[in-house]
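Engineer: Below is a structure I'd like to ask you about.
Every number in this text was worked out from the coordinates using simple rules, so none of it is lab data. Quick caveat, the model's predicted, so the values are computed rather than measured. Counting neighbours? That spans all protein chains shown, and the Cβs are built from the backbone with ideal geometry, glycine included.
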Amino acid sequence: MKNRVRALKKSFANNKLDGYIVANGTNLLYFTGFEGGVRLLITKDAESMFYVQGVNYEAAKEEAKNCKVELVKRGEDMDLKVAKEIKRLKLRNVGFDNLDVPVYMKLKKALDGTELQSHSNLIWELRKVKDETELNYIRKAASLTSEGARIAFETIKPGRREFEIAAEIEYAMRKLGSDGVAFDTIVASGIRSALPHGGCTDKKIQNGDLVVVDVGAKYKYYRADLTRTFAAGKPSPEQEKIYKIVKDAHEKAFQSIKTGAKCSNVDAVARKHIEKEGYAEYFVHGLGHGVGLEVHEMPILNSESKDTLKSGTVVTVEPGIYIVGFGGVRIEDTVLVAENMGEKLTKASYTLEVE
């Protein structure tokens, strides 16, 4: 945590800052290791001040790292309290990550003579590249997620309801040590598998259905993300064909991942393969996204992305084909970017037909 604060401070000089207000909850967790604070004031020279309301004050004093915990009393305006400290330290140029417009206007009024500047990119540049502790947590989350996919393979049967499968997956991951799910589990069967964010319902899985299962475990606040597509019964030739196209696109894109690769180019590898096979209009989303404390982070892997992959970045690779009225196929892994290649952190089988 200390190195993260130090790294942010290093960016102050190039951006002419002498302070920074962290307001986003995930960013607060990133810098302090504590979930439940409201503001963090990081300055060039003074100790970082972590503002916490009474309900979390005692826990923050025990758990928050590399900062002084400051109580925001009941009825006290936390932002005016932060402004008072900024004035006491005579800070002239203060960056911030995310402030609502009313909060920004209040601070602007209270800090006459201090320049407030939006600099959320400074934190994203840090969060994109994971340190060893973060990678260890993501590896564990990925292992738990892979186990969830294995349970899906074993429990999907005609006649079972989608939410039953989701419950089995989540129970298994919890039992093995997951802190919870990284996002709401998706079990979408039959024509619902053509919905990229189909969730799960009380629909009964039918013989011959495609079943898209998108699952993620959370461990020590860090997340993983995996999708597998199964056929509940013997797949049809068309289902097998689409599955192979998506699987090949997934593998080609994975093979293109390395340090320095442009995210738009990685997306293009999968997209061109699906286009060549005649299904371009059915790949309706970007190839992937970063994963860490949140399941959707920077960088973004799509055709418009300006990002370049860096060693230590964790991303998803998730091509898909979705045909309304027929069904869909998506295959996704959580991947660590290394110098000359990617490493799949999720390791579940790619078997299509469930037994």
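Engineer: Would you work out which of Asn66, Val246, Ala338 lies farthest towards the positive end of the dipole of the chain, given +1 charges on the beta-carbon of Lys and Arg and -1 on that of Asp and Glu, about the Cα centre?
Structural biologist: Asn66
Engineer: Compute the label zone of Asn93 within the stretch 8-31: residues whose backbone N is under 15 Å from the point 7 Å along Cα-to-Cβ.
Structural biologist: 9-21
Engineer: If the only charges are +1 at each Lys and Arg Cβ and -1 at each Asp and Glu Cβ, what is the size of the charge dipole of the stretch 132-344 around the Cα centre, to the nearest 20 debye?
Structural biologist: Computed charge dipole of the stretch 132-344: roughly 340 debye.
Engineer: While we're looking at this one, here's another question. Restricting to DSSP H runs of at least four residues, report the calculated mean residue ellipticity at 222 nm for the chain, -39500 (n - 2.57) per run over all residues, nearest 500 deg cm²/dmol.
Structural biologist: After summing the helix terms and dividing by the residues of the chain, the value is -11500 deg cm²/dmol.
Engineer: Give, in nm to one decimal, the length gained when the segment between Leu176 and Gln53 is fully stretched (0.36 nm per residue of separation minus the Cα-Cα distance).
Structural biologist: Using 0.36 nm per residue and subtracting the Cα-Cα distance, I get 40.9 nm.
Engineer: In whole Hz, with x marking every Gly and Pro, tabulate ³J(HN,Hα) for the stretch 123-134 from phi via Karplus 6.51 cos²θ - 1.76 cosθ + 1.60, θ = phi - 60°.
Structural biologist: 6, 4, 4, 6, 5, 4, 9, 8, 7, 4, 4, 4
Engineer: Next up: About its Cα centre, how strong a charge dipole does the chain have in debye, to the nearest 20, once Lys and Arg get +1 and Asp and Glu get -1 at the Cβ? If you can, show how the numbers build up before the last one.
Structural biologist: On the way: 55 positive and 51 negative charges, 217 e Å.
Computed about the Cα centre, the dipole is about 1040 debye.
Engineer: For labels at Lys310 and Arg6 in the simple 7 Å Cα→Cβ model, what's the distance in nm?
Structural biologist: Label-label distance for Lys310 and Arg6, simple model: 1.7 nm.
Engineer: Nearest 10 degrees, 0 to 90: what angle lies between the long axis of helix 263-276 and the longest principal axis of the chain (Cα atoms)?
Structural biologist: Helix 263-276 sits roughly 20 degrees off the main axis of the chain.
Engineer: Please compute the length gained on full extension between Lys73 and Asp248, using 0.36 nm multiplied by the number of residues separating them and subtracting their Cα-Cα distance. Each step should come with its number before you reach the end.
Structural biologist: Details: separation 175, 0.36 × 175 = 63.00 nm, distance 5.74 nm.
Extra length available between Lys73 and Asp248 comes to 57.3 nm.
Engineer: To one decimal place, what orientation-averaged projected area in nm² is obtained for the convex hull of the Cα set of the chain?
Structural biologist: Mean projected area of the Cα convex hull: 19.0 nm².
Engineer: Continuing with the same structure: Taking every pair of alpha-carbon atoms in the stretch 31-77, what share in percent sits in each 5 Å bin, from 0 to the bin with the longest distance?
Structural biologist: Per 5 Å bin, starting at 0, the Cα pair percentages come out as 5, 25, 35, 20, 12, 3.
Engineer: Tell me the label-point distance for the pair His285, Glu240, using the 7 Å Cα-to-Cβ offset, in nm and rounded to one decimal.
Structural biologist: Between His285 and Glu240, the label points sit 2.8 nm apart.
Engineer: Another one. Once Lys and Arg get +1 and Asp and Glu get -1 on their Cβ, which of His119, Ser11, Gly54 lies farthest toward the positive end of the dipole of the stretch 2-126?
Structural biologist: Ser11
Engineer: Let me have the relative contact order for the stretch 153-213, percent, based on Cα pairs under 8 Å that are six or more residues apart.
Structural biologist: 41 percent
Engineer: Using unit Cβ charges (K, R positive; D, E negative) and no other charged atoms, how large, in debye to the nearest 20, is the dipole of the stretch 271-355 about its Cα centre?
Structural biologist: Here the stretch 271-355 has a charge dipole of around 200 debye.
Engineer: Based only on other Cβ atoms within 10 Å, what is the fewest-to-most ordering of Ser236, Ser189?
Structural biologist: Ser236, Ser189
Engineer: So, one more: If you average the sequence gap of Cα pairs under 8 Å that are 6 or more apart and divide by the length of the stretch 136-237, what percent do you get for the contact order?
Structural biologist: The normalised contact order for the stretch 136-237 reaches 34 percent.
Engineer: Then there's this: Can you give the translational diffusion coefficient of the stretch 71-114 in µm²/s, computed by Stokes-Einstein from the Kirkwood radius over Cα pairs at 20 °C and 1.002 mPa s?
Structural biologist: Taking Rh from Cα pairs, D becomes 194 µm²/s.
Engineer: Once the stretch 205-280 is represented by equal point scatterers at the alpha-carbon sites, with solvent omitted, what log10 I(q)/I(0) does the Debye formula produce at q = 0.16, 0.17, 0.24 Å⁻¹?
Structural biologist: Computed log10 I(q)/I(0) values: -0.77, -0.84, -1.10.
Engineer: Stretch Arg150-His296 to full length: gain in nm at 0.36 nm per residue minus the Cα-Cα span?
Structural biologist: 50.2 nm
Engineer: Now for a separate question. Give me the Å³ per residue figure for the convex hull around the C-alpha atoms of the stretch 232-355.
Structural biologist: Each residue corresponds to 108 Å³ of Cα convex hull volume.
Engineer: Let me ask something else. Using only C-alpha positions, report the orientation-averaged shadow area of the convex hull of the stretch 2-126, nm², one decimal.
Structural biologist: 6.9 nm²
Engineer: Placing +1 on the Cβ of each Lys and Arg and -1 on the Cβ of each Asp and Glu in the stretch 284-355, which of Gly312, Leu293, Gly325 has its Cα farthest towards the positive end of the resulting dipole?
Structural biologist: Of Gly312, Leu293, Gly325, it is Gly312.
Engineer: If you don't mind, there's one more thing I want to ask. Looking only at Cα atoms, what is the convex hull volume of the stretch 132-344 per residue, in Å³?
Structural biologist: Dividing the Cα hull volume of the stretch 132-344 by its residue count gives 98 Å³.
Engineer: When only Cα pairs under 8 Å and 6 or more residues apart are kept, what is the percent relative contact order across the chain?
Structural biologist: Worked out over the chain, it gives 14 percent.
Engineer: In the stretch 77-105, whose amide N lies under 12 Å from the spot 7 Å out along Cα-to-Cβ of Asn15? List them in ranges.
Structural biologist: 94-98
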